[in-house]
Amino acid sequence: MINKEEVFTLRGAKSQPNILVIGDIMADRYIWGAASRISPEAPVPVVNVKNETVTLGGAANVAQNLFKLNAKVSICGVTGNDPIALTVLNLLKHGKIDASGIVADKSRPTTLKTRIMAGNHQLLRVDRETTADIQEHIETRLLNKIEAKLRHTDIILLSDYNKGLLTYNFTQKLLQLCQANGKKVMVDPKGLHYEKYTGAWLIKPNKRELAEATVTEKIETNEQLIKAARKLISKTKSQYLVVTRSEEGLSLISKKSHHDFPVKAREVFDVTGAGDTVFASLGYFVACGLDLATACELANYAAAIAVSKVGSVAVTIDEILSLINEHE
């Protein structure tokens, strides 16, 4: 049972947790319009553009979610040296997120996902990115920036979108640095090579990612889920796995225990950014000193709010409390 008073006190707390987000920084561009006819050139809809918006994506969206929850946030990562990078930096500055840990790399573009929307329906997504590994001199600059921030950091969140930042070498150096400074690291993973996350305190895969990472043919039952999760815990030497299970909610698993948290969503409108919301919420509530089970329960409510809205959205404590009241 969630202690609502405990959550409510976080809402106006003067003492904010300091959270460092490290990961793939992106921008999400939305082109909004109406589609009422088919093109004479090809069997595709013609979109009459009404508006364009750009929001933070990837690790930057995690940082934005943390700020909305009342954390002091710093972000480290890589952008290109291009106009979209300036837009991202301006959005971070507007959101009061410390972006001094970002390194501009002329050899790559800033990752940009452009979605063409007709009303609230997505017709097409166009990606501009490179997934090449970061160069050694960029890695060194980033590690120096991260080391300078660790002393004032309560928890570190690694947001991996497999865009070339969190390579095996960089991630292992980073985790060893955090361990040496006594800092917990939470990981939102991507890809198949989970050995690079060895030493993380918590890893948050979804059910499909867990099956792929453990070469499990299928995960259909709780027993199969727990077996695969403990296999991954053993492989990465992590203490906890939080497995997001879509319409089934999420599960918290360790070597000796597991707990399921049923889904709280009333309706699913758009899943864009929901994983970032869960991850940010977990990190925030753990950094505030709440136990991990309570943090999972609250993250579950945050996810329910996120999927009921269009696009990547940040969730507030007020919204979480409101939804808890509705469920009660």
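Some points to look at:
- Accessible surface for E212 stands near 80 Å², nearest 10, in the context of the full protein assembly shown (1.4 Å probe).
- Taking the convex hull of the alpha carbon positions in region 90-185 and averaging its projected area over all directions gives 8.0 nm².
- For D160, the residues whose modelled amide H falls within less than 5 Å of its own, excluding neighbours fewer than 5 places apart on the same chain, are D188.
- Mean projected area in nm² (Cα convex hull; one quarter of hull surface) for the chain: 17.9
- Stretch in the chain that is longest and holds no trypsin sites (Lys or Arg not before Pro) that DSSP places in a loop and that have at most 13 other beta carbons within 10 Å: 15-95
- Whole-Hz couplings from phi, Karplus 6.51/-1.76/1.60, listed for region 26-41; x for Gly and Pro: 9, 10, 10, 9, 10, 9, 9, x, 10, 10, 10, 8, 9, 5, x, 8
- Taking amide H as placed 1.01 Å from N in the peptide plane, the amide H of N206 sits under 5 Å from that of T244, each at least 5 places away or on another chain.
- For region 46-51, Karplus couplings with θ = phi - 60° (6.51, -1.76, 1.60), whole Hz, Gly/Pro x: 9, 9, 8, 6, 10, 7
- Centre separation in Å (Cα based) which lies between region 86-160 and region 13-67: 14
- Solvent-accessible area, 1.4 Å probe, carbon plus sulfur percent, for region 52-160: 49
- If you wrap region 129-208 in the convex hull of its Cα atoms and look at it from every side, the mean projected area works out to 5.5 nm².
- Protein heavy-atom accessible surface, 1.4 Å probe, per residue over region 1-147: 53 Å².
- Rounded accessible area of W201 (nearest 10 Å², 1.4 Å probe): 30
- Accessible surface for region 153-208, divided over its residues, is 36 Å² per residue with a 1.4 Å probe.
- Distant-in-sequence amide contacts of G101, defined by a placed amide H-H separation under 5 Å and a gap of 5 or more residues or a different chain, comprise I75.
- For region 53-58, Karplus couplings with θ = phi - 60° (6.51, -1.76, 1.60), whole Hz, Gly/Pro x: 9, 10, 10, 6, x, x
- Contact order normalised by residue count of the chain, Cα under 8 Å, 6+ apart, percent: 17
The values are calculated or read from the model by the stated rules, or taken from the named source; none is laboratory data. This structure is a prediction, so every number in the text was calculated from the model and none was measured. Heads up, the Cβs are rebuilt from the backbone with ideal geometry, glycines too, and the neighbour counts pull from every protein chain shown. SASA here: full protein model, heavy atoms, side chains in, ligands and nucleic acids out. Shrake-Rupley method; radii C 1.70, N 1.55, O 1.52, S 1.80 Å.
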